[in-house]
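Okay, so here's the structure we're looking at.
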Amino acid sequence: MAVTIVETRAITGGVDTHADSHVAAALDPVGGLPGVREFPVSAAGYAGLLGWLGGFGTVCLVGIEGTGSYGAGLARHMSAAGVRVVEAARSDRQDRRRQGKSDPLDAVSAARAAQSGRARGAPKGRDGAVEAIRALMVAKRSARSERTQAINQARALIVTGPEDLRARFTAHATADLVAELAALRPRPGAVVGYHTRIALREPGRRAEFPGSQLERLDDLIGPLVTGHAPGLLALHGVGSDTAAILLIAAGDHPERLRSEAAWAHLCAVAPIPASSGKTVRRRLNPAGDRQANHALWRIVITRMSSHPATRAYVDRRTAQGLSKKEIMRCLKRYVAREVYPHLRHVAD
């Protein structure tokens, strides 16, 4: 009896993501385009998209644009179904100029980037403790911004206000200034003085509210970071804020970071060539995670003032003729190398 063996085609998908709908494209093993279709952003839409791709063969790989924003839900659905997902960047500018730009073209571009290996980075993943930390840090960042804005408005009013207010509040530390402004009880009197006091009381009270928010958020973030990466917090100069930022940069699945060099590249501390010809200059990668880079900078600043080994390194490199900026670049690269094993240990 003859047995017929049916070989299924390996299908590569590409998805251009939006807030309300996703456009998917399917590619066969030789780069042919069996179809392009639009799906709604919902659980049923995700299932329909995966089923549609599966109708052409075995779905082995999907390139999704915006896995950290509009494509986050779809990326989770695909990963849960056992499909390998890679982050597809937006289409190349030259391709857009040659071929034009549309949602179907972007979906095809994402599929071709995944199939060719040009897009091979795995999504961060948003299904663990790091995602919880990220959500709290978003709220903390906005609360800090609101508090800073209110305080700056109050200080600007003090500078231009009546002389007695300037003499009273100019030298106040921030915490004392907020407390005293919020407690003001203006009494009717001179028109400018009375209304300026009312105007100062409002940003004072406005600054108190996000201040209490910051305390509550810190109480939540600290235990999460400590429980998730205690070794990271044990490093000199690493606090809960900087540890949280570095964990967010690595994501819930830090095993996607293939090497310590890849982590340094993500943190924008990996030197890359900046010119060609006889004179080759190097600069720091400008496309990395700027918040992670700033977290490394904060750690370096702390170590330069309180860490004996770091201070000795700064003295030695200064004597060799390096500028402070160059020394800090070297130190940020060193801190990235020191942090990396602790991120990997979390995954293990």
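Data table
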| item | result |
| --- | --- |
| Cα-derived Rg to Rh of the stretch 31-79, Kirkwood definition | 0.94 |
| Anisotropy class of the stretch 77-201 from Cα gyration tensor, a/c 1.5 cut | prolate |
| Kirkwood Rh, angstrom, the stretch 38-150 [1 / mean 1/r, Cα pairs] | 15.9 Å |
| Principal-axis tilt of helix 308-319 within the chain, Cα atoms, nearest 10 degrees | 90 degrees |
| Percent carbon-and-sulfur accessible area, the stretch 160-244, ignoring ligands, DNA and RNA, probe 1.4 Å | 57 percent |
| Surface/4 of the Cα convex hull for the stretch 1-89, nm² | 6.5 nm² |
| Theoretical ellipticity at 222 nm over the chain - DSSP helices of four or more residues, -39500 (n - 2.57) apiece, nearest 500 | -19000 deg cm²/dmol |
| Lys, Arg +1 and Asp, Glu -1 on Cβ, resulting dipole of the chain about Cα centre, debye, nearest 20 | 1520 debye |
| Exposure of K325 as accessible area (Å², to 10), given a probe of 1.4 Å and all protein chains | 140 Å² |
| Extension gain (nm, one decimal) between R216 and S142, 0.36 nm per residue minus Cα-Cα | 25.3 nm |
| Cross-link partners of K124 among aspartates and glutamates (Cα-Cα below 20 Å; sequence separation of 8 or more within a chain) | D16, E65, E87, D241, D252, E255, E260, D289, D348 |
| Over the chain, volume per residue of the alpha carbon convex hull, in Å³ | 249 Å³ |
| Accessible area expressed per residue, the stretch 136-214, with surrounding protein chains retained (probe 1.4 Å, Å²) | 58 Å² |
| With Cα atoms, 0 to 90° folded angle of helix 103-116 axis to the chain main axis | 70 degrees |
| Highest-MSF residue in the chain out of G189, G222, G68 [GNM, Cα springs under 10 Å] | G189 |
| The chain: most fluctuating residue of A249, A19, A72 per GNM, C-alpha cutoff 10 Å | A19 |
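The values are calculated or read from the model by the stated rules, or taken from the named source; none is laboratory data. Source: prediction; values computed, not measured. Note that we place each Cβ from the backbone using ideal geometry, even for glycine, and neighbour counts take in every protein chain shown. The protein model used for the area step is the full one, side chains on, heavy atoms only, and it has no ligands, DNA or RNA in it. Shrake-Rupley method; radii C 1.70, N 1.55, O 1.52, S 1.80 Å.
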